[in-house]
Amino acid sequence: PTDEQWFREAVVYQIYPRSFQDSNGDGIGDVRGIIDRLDYLKTLGIDVLWLSPIYRSPQDDNGYDISDYEEIDPVFGTLADVDELIEQAHARGIRIVMDLVVNHTSDEHPWFVESRSSKDNPKRDWYWWRAPREGFEAGTPGAEPTNWESFFSGPAWELDRETGEYYLHLFTRKQPDLNWENDEVRQAVYAMMRWWLDRGIDGFRMDVINMISKDVSQTGDLADGPPKPGSILGDGSPHFIAGPRIHEFLQEMHREVFEGREQKYLTVGEMPNATVEQAVLFTDPQRHEVDMIFQFEHVDLDRGEHKWDRRRIDLRDLKASFGRWQAALAETGWNSLYWNNHDQPRAVSRFGSDDPEHRVASAKLLGTVLHLHRGTPYVYQGEELGMTNMPFADAGAFLDVESVNYYRTATEAGADPQEVLANLRLGSRDNARSPMQWDDSQQAGFTTGVPWSPVNPNYPQINAADELADDDSVFHHYRRLIELRHTEPVVAQGDFTMLAADHPTLYAFTRSYEGTELMVLANFSSNDLEVTSDDVPDVSGWEDAELVLGNLGDAEPTSTLRPWEARILRR
Ligand code: TEU
Ligand code: CA
């Protein structure tokens with residue numbers, strides 16, 4: 001690839017700093033902890049680190065509520081620590097990408113403190129302030145300016161009693177939405193981004209960036225969305241997902257922040273509800289918006305009617321989704337590839353099997369399938385160990401604001417607490433946020449103190465120290481997958497063709513580039529699977545192909561895939 005496209009050969013590792021490594025015994029992971037683990041990451045072979053937010057923050061949403069963009073929160077360290085992290089990472093050939101959370105700030109950010117201080121404050125218009133709905137008294141149900149529900153339960157509007165107006169918050173009430181219609185807001189954000197680039201970072205992961213353009217074009221103002229079944233609240237997303245000025249804003253950002261700089265930075269936009277058509281526009285290099293987006297289609301497949309209802313994923317749906325995204329971005333644009341992050345349950349528990357009998361094989365299978373797609377793979381901390389969901393004892397075990405709010409509002413509205421608990425066990429973001437399992441010492445080597453979130457009790461069986469010492473571990477399998485992307489051009493550059501789309505348990509595809517062809521065969525089940533050319537015509541001609549990498553070590557070139565077996569073949 002050209003220098004411009006270096007990210008096509010790269011693998012990104014996501015760190016959730018709070019849960020990665022504590023260096024001072026206060027129970028919270030920190031920047032020094034990350035520095036101490038750089039050699040581990042170097043061994044894994046990743047190219048880029050993306051850090052979830054470490055800026056100054058009241059931590060209402062674990063740092064996604066920022067009160068100073070140019071300071072580090074004391075729980076994570078200092079700017080000097082970050083400078084050292086950048087230097088130490090660069091010395092190992094690892095780039096650093098920071099989270100950029102600019103759809104909203106904290107309500108404790110000086111911008112918002114000023115904005116809320118009076119109706120005629122110069123920063124009033126930096127946020128979305130609106131009078132109560134006509135005919136309603138401020139503070140009464142239904143008085144909110146629109147019927148939008150927040151992502152974290154309840155109305156997306158909070159009344160400020162002092163000025164008698166509501167402000168918009170798509171997430172918690174401590175995360176007021178910035179008004180991107182205001183030029184000064186945009187310029188302030190761009191200045192802050194330049195400040196970080198000047199400090200030496202290598203790009204941004206942009207939080208809910210497709211929500212920054214709110215639609216005021218229809219009625220001249222924000223408007224009600226379709227009602228949500230069984231609720232007085234509505235779905236505001238048609239009015240804030242990929243709004244009318246989204247492409248303009250991203251192009252302006254590119255001009256104001258990145259253009260004219262020597263380095264090619266990495267930009268990835270987190271975009272819930274994004275469609276493939278939008279993705280082509282967002283990631284077309286000619287348009288100068290972002291390099292790639294995080295889309296949510298595959299991680300929404302096990303959602304039922306309500307966001308929290310869960311159902312088992314049908315592999316055919318999963319393949320249809322991946323296949324559609326691969327096809328749509330084959331010529332123009334680029335995919336990001338991920339199974340999990342700090343907002344999603346653990347991949348092996350969700351798409352594989354965390355039964356001890358199948359955990360290692362299925363974790364490796366998932367890595368194999370994902371990393372062999374066309375796009376840039378993201379590894380979420382602990383995924384490379386096959387870390388699993390947490391065994392939450394009861395409702396009191398959940399710490400995340402989304403889970404806590406959901407439990408409260410759902411049970412208050414009359415839902416069966418046992419059902420709500422079951423949904424949370426499967427779907428809570430807390431699953432991803434338990435501390436990294438480094439070794440079998442107390443608290444899994446994460447902290448010498450009391451961890452802010454309990455360590456998964458399975459750490460004696462699942463930890464980095466054991467996996468580093470075991471050449472057959474999930475860790476070493478991920479290391480080999482990453483190495484393969486670096487050494488075999490077809491992995492980064494090749495075309496993608498999905499095979500056997502209707503097969504219920506076989507995930508199969510080919511990649512091809514300049515005369516090299518790879519085939520990936522993966523058995524998404526706990527039973528043996530016969531793969532013959534009768535069922536899958538494309539396998540004929542591959543009988544004698546070379547096994548590049550399998551996940552069960554002693555693979556024979558037979559036509560039977562064992563439970564959760566995955567093979568990469570080359571010819
Ligand atoms: O998440 C945005 C988002 O829409 C979801 O993934 C969210 O986590 C939730 O599950 C919606 O129901 C981003 C961040 O990744 C997340 O951690 C933040 O809480 C959120 O934005 C607000 O900044
Ligand atoms: Ca600490």
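Coordinate-derived values only; no laboratory data. Please read these numbers as outputs of a predicted model, since none were measured by experiment. Here the Cβ positions follow ideal geometry from the backbone for every residue, glycine too, while neighbour counts run over all protein chains shown.
Taking one equal scatterer on every alpha-carbon of the chain, how large is log10 of I(q)/I(0) by Debye at q = 0.08, 0.09, 0.12 1/Å? Debye output, listed in q order: -0.54, -0.69, -1.26. Residue-wise HN-Hα couplings along segment 53-63, as the Karplus relation 6.51 cos²θ - 1.76 cosθ + 1.60 with θ = phi - 60° gives them from phi, are x, 10, 6, 4, 7, x, 6, 5, 10, 6, x Hz; Gly and Pro carry x. For segment 301-307, backbone phi angles converted through the Karplus equation (6.51, -1.76, 1.60; θ = phi - 60°) give residue-by-residue couplings of 5, 9, 8, x, 5, 8, 3 Hz, Gly and Pro being listed as x.
Summing charges over all other residues whose Cβ lies under 11 Å from the Cβ of residue 210, with Lys and Arg as +1 and Asp and Glu as -1, gives -3. Each residue of segment 494-570 gets 84 Å³ once the volume of the Cα convex hull is shared out per residue. Computed as a quarter of the hull surface, the mean projected area of the alpha carbon convex hull for segment 434-571 stands at 10.5 nm². Model label points for residue 275 and residue 113, set 7 angstrom from Cα along the Cα-to-Cβ axis, are 4.4 nm apart.
Per-residue ellipticity at 222 nm, computed for the chain from helices alone with -39500 (n - 2.57) per DSSP H run of at least four residues, works out to -7500 deg cm²/dmol. Among residues other than residue 254 with Cβ under 15 Å from its Cβ, the summed charge is -1 (Lys and Arg +1, Asp and Glu -1).
Against the chain, whose longest principal axis comes from its Cα atoms, helix 474-487 is set at around 90 degrees. In the chain, with Lys and Arg counted as +1 and Asp and Glu as -1 at Cβ, which of these residues, 77, 279, 390, has the Cα nearest the positive end of the dipole, that is, farthest along it? Positive-most Cα among the choices belongs to 279. Computed from Cα atoms, the angle from the helix 359-371 axis to the main principal axis of the chain rounds to 80 degrees. For segment 309-423, treating each Cα as an identical point scatterer without solvent, what Debye log10 I(q)/I(0) comes out at q = 0.13, 0.16, 0.23 1/Å? Summing over Cα pairs of segment 309-423 leads to -0.65, -0.89, -1.28. Taken about its Cα centre, the chain carries a charge dipole of about 220 debye when Lys and Arg each add +1 at the Cβ and Asp and Glu each add -1 at the Cβ. Of the cross-linked pairs 42/264; 174/228; 214/307; 264/307; 123/214, which ones have a Cα-Cα span greater than 29 Å in the structure shown? Pairs exceeding the cut-off: 264/307.
Average projection, convex hull of the Cα set of segment 110-168: 4.2 square nanometres. Compared with the dominant Cα axis of the chain, that is its longest principal axis, helix 315-328 is turned about 80°. What separates the Cα centres of segment 510-571 and segment 208-286 is a distance of 40 Å.
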